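In what follows, a single structure is set out as structure tokens and then discussed.
The values are calculated or read from the model by the stated rules, or taken from the named source; none is laboratory data. In this text the structure is predicted, and so the values were computed from the model without any measurement. Here the Cβ positions follow ideal geometry from the backbone for every residue, glycine too, while neighbour counts run over all protein chains shown. With ligands, DNA and RNA removed, areas are computed over all heavy atoms of the protein, side chains included. Shrake-Rupley method; radii C 1.70, N 1.55, O 1.52, S 1.80 Å.
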Amino acid sequence: MNIVTLLDMVSSVDPDRVILGDRHEGVTLGRLRDLADRAAGVLSDHPGRPLLFSGTATEAFPIALFGAAVAGRAFAPVSYRLAAGPYAELVTDQLPTTLIAEPTSSDQLREGPELSMATPAGFVAAVRAAAPSGAEPEQDPEAPAVLLHTSGTTGKPKVAVLRHRHLTSYVLNGTEMLGAGPDEAALVSVPPYHIAGVAGLLTGMYSGRRIVQLPNFTAEDWVATAAAQEITHAMVVPTMLARIVEVLEQTGETLPTLRHLSYGGGRMPRPVIERALGLLPHVGFVNAYGLTETTSSIAVLGPEEHRAAVSSDDPAVRARLESVGRPLPSVEIVCRDALGEPVPPGEPGELWVRGDQVSGEYAATSQLDDDGWFRTKDAGRIDDDGYVFVEGRLDDVIVRGGENLSPGEIENALLQHPAVTDAVVYGQPDEMWGEIVVAAIVTAPGSDPTPEELQAWVASLLRSSRVPARIRFLTEVPRNDLGKVLRRVLRADSEAAAPSR
Amino acid sequence: MLLKPGIKLKASGTTTEIIVIQAPAEEVTLTCGGVPMTADGAGEGGSTEGEVLIGKRYCDAAGTVELLCSASGAGPLAMDGEALVVKAAKALPSSD
């Protein structure tokens, strides 16, 4: 089946339901299906070729996504924040193709027989003016639907292939058709080139939950839009939540209509989620863990589990606030050692995942083993009750004197110090230990903790092997545009620089 | 007939339509209201005692087949005489 079939179904049942934009003036399900049909005609220039889309999250995004699906073309969102050189290279790799982009992104590229170009606004205008195409979408579940570039924080980005069956499995296994109430509205602030941007659009559409897009995230706009549009549901990455918490504290805004806030896309610092839980007691929080290659979420920690963790006296239950919950019913996750052998509950290892939504496939190469398992390259563990703890990328695990140390655990300890506002922990090669623990921290204005004070602080909370051998003081932690820490940048200048202070 | 993921089938004499999500390896007869389903839904209608609902997934006890109803109508759905039942979906918190 085709992802557009999901839109066919909901638009046949409830064509007048507003699905996109303002409650009164937004686009209805029936209109979205009509625009996708017209878009297929506009997209007949390079049949069978990927459609490159590097606009922000505006109405052009769903129209292009579903239009491409009707036309039988894969939708390939591309970051509009790439530098001009890599951007032009990426587009050239995909020729012949169609590119929907703002002129600022594409100014090194010229239109020609192999490259059609349009701005997002120009594309939408052309679609509105086009005649209905009447195209009948192909139903081949094996056809590629979305080509997504992984974020590549640890290496060169790869193109993950998500076929129609991966996306439709994800939607059908987790979403009830038109299950959203008429007052529900979701605020989407992740960009189209992030898996949660694509998945959120599909699950929002199928559940009938009105989608309000925030094309350029700022915490001030997010809070103002959530209040003005009476938003009930939202998804954010951890750095966004940290900024939102600050704005809520400054403005006193309580977001009374918000019911459900999910977060994912990186490790959530415990102080941030605890502050958010305190500021928004009426909101159900959901921690979601997933990868581009797994079609978004594969494990969730639900609202009740958050509340139980916060109010529990049992340290094991409280610690679940740092877990990503349990696997979705349609997904299996196991923890294995470097040789692929299962490790006992609670022991560290690598997380492997299997399920209908798991693509595990990059352009032309599948990374699934013969039994369908995909190695996430995420370090983690699974406790006796099946709660999954993600410790970060396997490449980021510090091996000190033969002991595997999780940066996340040490970062959380540092973040609990009142003078520390941000912390990243990584390994630095060392002749004696193999690797030593280095902490790069940002301190609160006006505070001036010594390295010895911070080392003593960590030693009071964790075993001595976890105490950073070296502390670097930074004004800012290097992150990519979605808040993922660029550890390779820190490691590189760590090796160049002499120990600080 | 040999089912394949992605194919759409229509019932005769009613509005029911399904899409095959998961197909058994061997040939089977898929019926709606006791009458075989086909690509075009032509032919005489069958019984209309049951109901098939859009958005629901239907499967057999052994889990060899899964169908998604894409248009509601009369039923019931059956494969080789075994009535297919609604696959219980577990309500999940929205995560993206």
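Here are the numbers:
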quantity: Helix-only CD estimate at 222 nm, as mean residue ellipticity for chain A, using -39500 (n - 2.57) per DSSP H run (n ≥ 4); calculated: -9500 deg cm²/dmol
quantity: Segment B:8-83, accessible surface, carbon-and-sulfur percent (1.4 angstrom probe); calculated: 50 percent
quantity: Accessible surface of segment A:305-395, 1.4 Å probe, proportion on carbon and sulfur as whole %; calculated: 49 percent
quantity: Residue-normalised accessible area of the protein assembly as shown, given per residue in Å² at a 1.4 Å probe; calculated: 42 Å²
quantity: Using alpha carbons only: equivalent-ellipsoid semi-axes of segment A:3-216, gyration tensor based, whole Å; calculated: 26, 19, 17
quantity: Rg ratio (alpha-carbon, reference 2.2 N^0.38 Å) - segment A:305-395; calculated: 1.18
quantity: Phi to ³J(HN,Hα) by Karplus 6.51 cos²θ - 1.76 cosθ + 1.60 over segment A:381-391, Hz, x for Gly, Pro; calculated: 8, 10, 7, 4, 8, x, 6, 9, 10, 9, 9
quantity: Candidate aspartates and glutamates - alpha carbon under 12 Å from B:LYS56, same-chain residues fewer than 8 apart omitted; calculated: A:GLU176, B:GLU17, B:GLU66
quantity: Ranked by how many other beta carbons lie within 10 Å on average, peptides A:136-149, B:48-61, A:50-63, A:223-236 from highest; calculated: A:50-63, A:223-236, A:136-149, B:48-61
quantity: For residues of A:232-240, the mean tally of beta carbons on other chains within 10 Å; calculated: 1
quantity: Order by protection proxy (mean Cβ within 10 Å, highest first), peptides A:340-346, A:185-191, A:354-360; calculated: A:185-191, A:354-360, A:340-346
quantity: Net charge of neighbours whose Cβ lies under 10 Å from the Cβ of B:VAL20, counting Lys and Arg as +1 and Asp and Glu as -1; calculated: +1
quantity: Contact order relative to length of chain B, as percent, for alpha carbon pairs under 8 angstrom and 6 or more apart; calculated: 30 percent
quantity: Complex-versus-alone comparison for segment B:72-96, residues with a loss of 50 Å² or more in accessible area, probe 1.4 Å; calculated: B:LEU92, B:PRO93, B:SER94, B:SER95, B:ASP96
quantity: Amide H within-cut-off set for A:ASP378, under 5 Å, with H built and near neighbours excluded; calculated: A:LEU351, A:LEU394
quantity: Chain A: translational diffusion in µm²/s, Stokes-Einstein, Kirkwood Rh over Cα pairs, 37 °C, 0.692 mPa s; calculated: 138 µm²/s
quantity: Residue mean of other protein chain beta carbons inside 10 Å, B:3-9; calculated: 4
quantity: DSSP-defined antiparallel bridges as percent of all bridges, segment A:3-216, nearest 5; calculated: 30 percent
quantity: Computed over chain A: relative contact order in percent, which uses C-alpha pairs under 8 Å that are six or more apart; calculated: 10 percent
quantity: Shielding by partners, peptide A:280-292 (average Cβ within 10 angstrom, other chains); calculated: 1
quantity: Alpha carbon centroid spacing (whole Å) that separates segment A:295-328 from segment A:424-443; calculated: 29 Å
quantity: Cα→Cβ-extended label distance, 7 Å offset, between A:SER460 and B:GLU82, nm; calculated: 6.4 nm
quantity: Relative packing of peptides A:118-127, A:170-179 - highest average C-beta neighbours within 10 Å first; calculated: A:170-179, A:118-127
quantity: Out-of-range pairs (alpha-carbon distance over 19 Å; input B:LYS8/B:LYS90; A:LYS158/A:LYS377; B:LYS4/B:LYS90; A:LYS377/B:LYS90; A:LYS158/B:LYS4); calculated: B:LYS8/B:LYS90; B:LYS4/B:LYS90; A:LYS377/B:LYS90; A:LYS158/B:LYS4
quantity: Spacing of the two label points (7 Å from each Cα toward its C-beta) at A:ASP493 and B:THR64, in nm; calculated: 6.3 nm
quantity: Accessible area of segment A:30-94 belonging to carbon and sulfur atoms, whole % at 1.4 Å probe; calculated: 51 percent
quantity: Accessible surface buried once B binds A (1.4 Å probe; total of both sides; Å²); calculated: 1900 Å²
quantity: Chain-alone versus full-assembly comparison, segment A:1-40, residues with accessible loss of at least 40 Å² (1.4 Å probe); calculated: A:MET1, A:MET9
quantity: C-alpha center-to-center spacing [segment B:20-96, segment A:183-200] in angstrom; calculated: 31 Å
quantity: Percent of beta bridges antiparallel (DSSP, the protein assembly as shown, rounded to nearest 5); calculated: 70 percent
